[in-house]
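A short worksheet on the structure shown next.
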Amino acid sequence: MESEEPGWRLQLAGTKGRGDEVPPGMPLTQRIKNGLARLVVPNPTGVPHAQVSLILYDDRGLPTGRLVDVALGAIQHARHEDLSEIANRMPERERWPNHWPGEHYKLLTGIVRLIRPRIVIEIGTFQGLSALTLARHLPEGGAVHTFDIVHHSRIPGCVLRDGDLREGRIKPIVADLTRSSVFEQYRGLFEAAELIFVDAAKDGVMEQVLLDRFESVQFQARPLVVFDDIRVWNMLKIWRNVRRPKLDLTSFGHWSGTGIIDWVEVDGGSHGRRASSGEEAPTR
Ligand SMILES: C[S@@+](CC[C@H](N)C(=O)[O-])C[C@H]1O[C@@H](n2cnc3c(N)ncnc32)[C@H](O)[C@@H]1O
């Protein structure tokens, strides 16, 4: 149970509730801005794991029926998921995978159980928790291709073991997909992706760069694209500007925001398989 100390703890975008760690890649200017925001806006709740955010009306990208169905189904699966095998690889106070709601891990397994993707792409491996989670219910022959700019063995507290990688269900790749020449190397992989999970720098730039790159991909399978931390300040505008069908699933995902996009073909732009008729009516 969380202790309710007064004031903000140094909680920065992209951490998993540890409260005192700075994720690799976060620029100094961003850390300073976050610190100043906490000074200017006093935390009225006293909850230490908290960040400055904004509530807003978002009428862009109304969800498809498919998104609502996936959300409901994934939540049902999440209720019954036990991620102790993964959580127990962490020190006791950091067993985030079994924290639900509040963390996204059980929701991710629920999505995989529902859509049974053979090709999952993760951007942001870090300690390997979400890679393990995404790999848990993959169908036969499925794989999680997990990208990071830092090799997982260099991340303190990494939970990935040799055995996890041996079967080929988790494929770590050290590469920076924000660089266009690097993205081109993996374009074919993206074209075949069925589920993409983006959980990287949240520096206010890279997630937008990735979304722009995704716009150029001829997706074959109408992937779902999940974004972590959509309620984090740096992500608000980027998430708001997504004009594809999308759904904010924060109450059933990560407390700092979990959003899911249905990468269906839309008017005026796009790749992604067009859905069968009737399926795509927005829910409002
Ligand atoms: C919040 S952590 C990921 C946590 C992990 N997905 C989980 O849920 O357990 C963010 C990771 O993104 C990585 N990252 C930062 N910039 C990146 C980039 N351009 N491409 C890939 N990964 C990047 C960082 O090195 C860091 O390991």
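Let me confirm something: among THR283, THR250, which residue is of a type in the set (Ser, Thr, Tyr) and modelled with pLDDT of 95 or more?
That would be THR250, the only listed residue that is of a type in the set (Ser, Thr, Tyr) and modelled with pLDDT of 95 or more.
Mind telling me which of the residues GLY188, GLY204 ends up being at pLDDT below 95, in the same structural domain as PRO117 (by TED's automatic domain parsing) and not aliphatic (A, V, I, L, M)? Lay out the reasoning, then the answer.
Numbers: GLY188 fails: at pLDDT below 95.
Testing whether each residue is at pLDDT below 95, in the same structural domain as PRO117 (by TED's automatic domain parsing) and not aliphatic (A, V, I, L, M) leaves just GLY204.
Any residue at all in segment 10-28 that's modelled with pLDDT of 60 or more, over 20 Å from PHE126 (Cα atoms) and within 16 Å of the ligand (Cβ to nearest atom)? No, that holds for no residue. Among the residues making up segment 154-171, a single one is closer than 23 Å to GLY141 by Cα and near the ligand (Cβ under 10 Å from one of its atoms): VAL159.
Looking at GLY259, is it small (Gly, Ala, Ser) and more than 21 Å from ILE75 (Cβ to Cβ)? No, not satisfied. Just checking, which of GLU191, GLU207 is surrounded by 24 or more Cβ atoms within 10 Å (Cβ to Cβ) and part of a helix (DSSP H, G or I)? Checking each option against the conditions leaves just GLU207. Taking first residues from segment 48-71 that are within 16 Å of ARG243 (Cα to Cα) and partners that are among the small types (Gly, Ala, Ser) and at pLDDT 95 or above, the Cβ contacts under 9 Å between residues at least 6 apart in sequence or on separate chains come to PRO63/ALA71. Pairs linking a residue in segment 92-103 that is farther than 10 Å from LEU129 by Cβ and in the same structural domain as ALA78 (by TED's automatic domain parsing) to a residue that is crowded, with 18+ Cβ neighbours inside 10 Å and of a type in the set (Asp, Glu), with Cβ atoms under 9 Å and 6 or more positions apart or on different chains, are ASN98/GLU81; TRP100/GLU81.
Please verify whether segment 170-186 includes one or more residues that are more than 19 Å from the chain's Cα centre (by Cα), small (Gly, Ala, Ser) and in a helix (DSSP H, G or I). Yes, there is a match, as at least one residue in segment 170-186 is more than 19 Å from the chain's Cα centre (by Cα), small (Gly, Ala, Ser) and in a helix (DSSP H, G or I). Filtering segment 188-202 to residues that are touching a helix residue (DSSP H, G or I) at 6+ places or on another chain (Cβ under 9 Å) and either more than 8 Å from the ligand (Cβ to nearest atom) or more than 21 Å from LEU129 (Cα to Cα) (or both) leaves PHE190, GLU194, LEU195, ILE196, VAL198. Once segment 124-147 is narrowed to residues that are buried (at least 24 other Cβ atoms within 10 Å of the Cβ) and part of a strand (DSSP E or B), the residue that is nearest to the ligand (Cβ to nearest atom) is THR146. The residue of segment 172-185 that is nearest to VAL217 (Cα to Cα), among those that are crowded, with 17+ Cβ neighbours inside 10 Å and more than 10 Å from the ligand (Cβ to nearest atom), is PHE183.
Residue under question is ALA74, and the condition is that it be touching a Pro at 6+ places or on another chain (Cβ under 9 Å), in the same structural domain as ASP229 (by TED's automatic domain parsing) and touching a residue at least 40 places away in the same chain (Cβ under 8 Å); does it hold? No; evaluated as a whole, the condition is false for this residue.
Taken together, the residues in segment 113-149 that are more than 13 Å from the chain's Cα centre (by Cα) and of a type in the set (A, V, I, L, M) amount to 9.
Report whether or not ASP176 is modelled with pLDDT of 95 or more, in contact with a helix residue (DSSP H, G or I) (Cβ under 7 Å, 6 or more places away or on another chain) and of a type outside the set (A, V, I, L, M, F, W, C). When the stated conditions are applied, ASP176 passes them. Output yes when any residue across segment 220-232 is more than 28 Å from ARG116 (Cβ to Cβ), within 16 Å of the ligand (Cβ to nearest atom) and either at pLDDT below 95 or hydrophobic (A, V, I, L, M, F, W, C) (or both), and no when none is. Yes; the residues of segment 220-232 include at least one that is more than 28 Å from ARG116 (Cβ to Cβ), within 16 Å of the ligand (Cβ to nearest atom) and either at pLDDT below 95 or hydrophobic (A, V, I, L, M, F, W, C) (or both).
The values are calculated or read from the model by the stated rules, or taken from the named source; none is laboratory data. All figures in this text were calculated on a predicted structure; none of them were measured in a lab. Backbone-built Cβ (ideal geometry, glycine too); neighbour counts: all protein chains shown.
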